[in-house]
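Below: the structure, in structure tokens.
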């Protein structure tokens with residue numbers, strides 16, 4: 001049974017990695033997704049027994065990169081140095097993700113909390129994927145992801161009070177820092193809503209269930225409004241501002 005699950009997981013990761021490679025427009029974000037996917041795969045498939053052989057199915061991802069880069073047989077791969085560099089970079093992401101997850105399991109703290117780490121990686125990967133495409137939807141998607149992930153963690157993994165902040169921390173650290181450094185003003189609401197959702201989770205733990213349900217409905221409606229109207233208004237306002245105007249007195 002365990003072997004069949006490992007095979008299914010391997011096939012799922014390969015298919016998902018290849019699918020995302022084709023649909024993602026921002027390839028600079030794809031490396032981070034690939035790293036998360038392979039770390040997640042290595043953590044889950046190698047617990048509790050670590051086997052280096054679990055690496056080999058993921059090399060099919062590299063084969064797919066090569067076939068895609070060579071335009072399925074036109075041999076451009078063999079004459080284009082830039083394509084070779086891209087292929088090597090993506091291969092490095094695959095190997096780095098797998099081995100980080102593989103060797104991290106040797107640490108006791110990781111083995112004891114691997115489910116929480118896996119959920120954190122999954123939420124992070126989903127949040128990054130949601131940043132692709134229609135920008136107002138990002139607000140709603142990230143808000144929902146970081147509202148549900150702490151609930152799933154509490155129900156099935158850990159009931160520690162700081163769990164929600166552990167789950168949201170990688171997203172806030174990466175995209176919050178990126179927004180500040182690059183001046184990506186349109187990303188601010190998305191980063192802020194991830195923090196608000198993590199904080200909102202604590203309100204939803206109120207012992208008075210009708211009140212908690214009411215808060216959940218109101219907050220979900222707020223996320224939907226922010227997606228449908230609020231973010232559109234904000235993005236149009238940002239795009240009409242002169243560069244750096246937000247930080248001027």
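Values quoted throughout were computed directly from the atomic coordinates according to the rules given, and no laboratory measurement underlies them. The structure presented is a predicted model; accordingly, all values stated were derived computationally and were not measured. Counting neighbours? That spans all protein chains shown, and the Cβs are built from the backbone with ideal geometry, glycine included.
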Hey, can you rank 209-221, 153-165 by average C-beta count inside 10 Å, highest first?
-> 153-165, 209-221
Would you mind calculating the gained length between residue 11 and residue 217 on full extension (0.36 nm times residue separation, minus the Cα-Cα distance), in nm to one decimal?
-> 70.4 nm
How far apart, in nm, are two points set 7 Å out from the Cα along the Cα-to-Cβ line at residue 67 and at residue 169?
-> 4.1 nm
With a ≥ b ≥ c from the Cα gyration tensor eigenvalues, square-rooted, and the rule rounded for a/c under 1.5, otherwise prolate when a/b > b/c and oblate otherwise, the stretch 1-107 is prolate
Relative contact order, percent, the stretch 125-180 [alpha-carbon distance under 8 Å, six or more residues apart] | 25 percent
What is the calculated FRET efficiency for residue 156 to residue 177, with r their C-beta to C-beta distance and R₀ = 35 Å, to the nearest 0.05?
-> 0.70
The stretch 1-107: relative contact order in percent, alpha carbon pairs under 8 Å with at least 6 residues between | 37 percent
Treat each spin label as a single point 7 Å out from the Cα along the C-beta direction, and report the residue 85 to residue 23 distance in nm.
-> 3.0 nm
